[in-house]
Amino acid sequence: MKFIETKIEGCFILEPTIFKDERGYFMESFNEETFHKGIGQKINFVQDNQSFSTQGVLRGLHYQCGVHVQNKLIRVLQGEVLDVAVDIRPESKTYGQYISVLLTEENQKQFFIPSGFAHGFLALSKTAIVFYKCDNFYNASSEGGIIFNDKTININWDFPTNELIISEKDRGLPAIEKSRKVW
């Protein structure tokens, strides 16, 4: 497994070693020891989530606050998504900046997003199945979010806005300056 540091401290792209032959392929998608060494910290994942989306579905930008903040490890099992993390750590030198990663069933890349980030993704393929690990349990009263088209963040979703499928809840999220504070 190759760990690639991104332009935003704490976020990593993970590229697995894939062994292919006439039967298909084999890869190790998660190894606790390798993972901890690769990101330089110990994280205990306690919850796995999976979602199915059709093309144009945009989920996010979501995060958990207070004692319920979450580190996440995201991967795509089927299809392809544009996965986005926005730095919302108040004291960070990259506060309000984002990173986007193309995650596909072909490239098998994973995206590690530490706590203190808002997360969202856009399904680019006809259908997409996203799987992610969290190191803290979901807590509805600790939910926070930022509107997907916040002008100060200016995320390039590279998809026609009129074709986006977004829940009412996500359409009603505030801009970053009016969002709940993480800590």
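Just so it is clear, none of the values below were taken in a lab; they were calculated from the coordinates. Please read these numbers as outputs of a predicted model, since none were measured by experiment. Here Cβ is always computed from backbone atoms with ideal geometry, including for glycine, and neighbour counts include all displayed protein chains.
Return only the number of the condition from (1) farther than 27 Å from LYS151 by Cβ; (2) buried (at least 19 other Cβ atoms within 10 Å of the Cβ) that ILE74 does not satisfy.
For ILE74, the failing item is (1).
The conditions are (1) touching a Ser or Thr at 6+ places or on another chain (Cβ under 9 Å); (2) in contact (Cβ under 8 Å) with a residue 60 or more places away in the chain; (3) closer than 27 Å to THR127 by Cβ, and VAL76 fails exactly one of them. Which is it?
So VAL76 meets the others, but not (2).
What's the number of the condition ALA123 fails, among (1) hydrophobic (A, V, I, L, M, F, W, C); (2) under 12 Å from the mean Cα position of the chain (by Cα); (3) crowded, with 23+ Cβ neighbours inside 10 Å?
It is condition (2) that ALA123 fails.
For the condition within 23 Å of ALA140 (Cβ to Cβ), out of contact with any strand residue (DSSP E or B) (no Cβ under 8 Å at 6 or more places or on another chain) and buried (at least 16 other Cβ atoms within 10 Å of the Cβ), what is the one hit in HIS68, HIS62?
Testing whether each residue is within 23 Å of ALA140 (Cβ to Cβ), out of contact with any strand residue (DSSP E or B) (no Cβ under 8 Å at 6 or more places or on another chain) and buried (at least 16 other Cβ atoms within 10 Å of the Cβ) leaves just HIS68.
Could you count how many residues in the range 88-134 are in contact with a strand residue (DSSP E or B) (Cβ under 6 Å, 6 or more places away or on another chain) and acidic (Asp, Glu)?
The qualifying residues number 1.
Hey, among SER141, SER92, SER115, which residue is within 15 Å of HIS62 (Cα to Cα), surrounded by 14 or more Cβ atoms within 10 Å (Cβ to Cβ) and not basic (Lys, Arg)?
SER115
Looking at the range 85-96, is at least one residue out of contact with any Leu (no Cβ under 7 Å at 6 or more places or on another chain), under 30 Å from PHE19 (Cα atoms) and of a type in the set (Gly, Ala, Ser)?
The answer is yes; a qualifying residue exists.
Show the residue pairs that are 6+ apart or on different chains and have beta-carbon atoms under 9 Å apart, the first residue being within the range 30-59 and closer than 23 Å to GLY79 by Cα and touching a residue at least 24 places away in the same chain (Cβ under 8 Å), the second being surrounded by 14 or more Cβ atoms within 10 Å (Cβ to Cβ) and of a type in the set (Asp, Glu).
GLN47/ASP135; LEU58/ASP170; ARG59/ASP170
Restricting to the range 25-43, what's the tally of residues that are loosely packed, with under 13 Cβ neighbours inside 10 Å and part of a loop (DSSP other than H, G, I, E, B)?
Result for the range 25-43: 5.
Looking at the range 44-83 only, could you name the residues that are more than 30 Å from LYS178 (Cβ to Cβ) and either outside any strand (DSSP E or B) or not polar (S, T, N, Q) (or both)?
ASN44, PHE45, VAL46, ASP48, PHE52, GLN55, ARG75, VAL76, LEU77, GLY79, GLU80
Go over the candidates GLU22, GLU15 one by one and state the one that is charged (D, E, K, R) and either in contact with a helix residue (DSSP H, G or I) (Cβ under 6 Å, 6 or more places away or on another chain) or loosely packed, with under 12 Cβ neighbours inside 10 Å (or both).
None of the others qualify; the one that does is GLU22.
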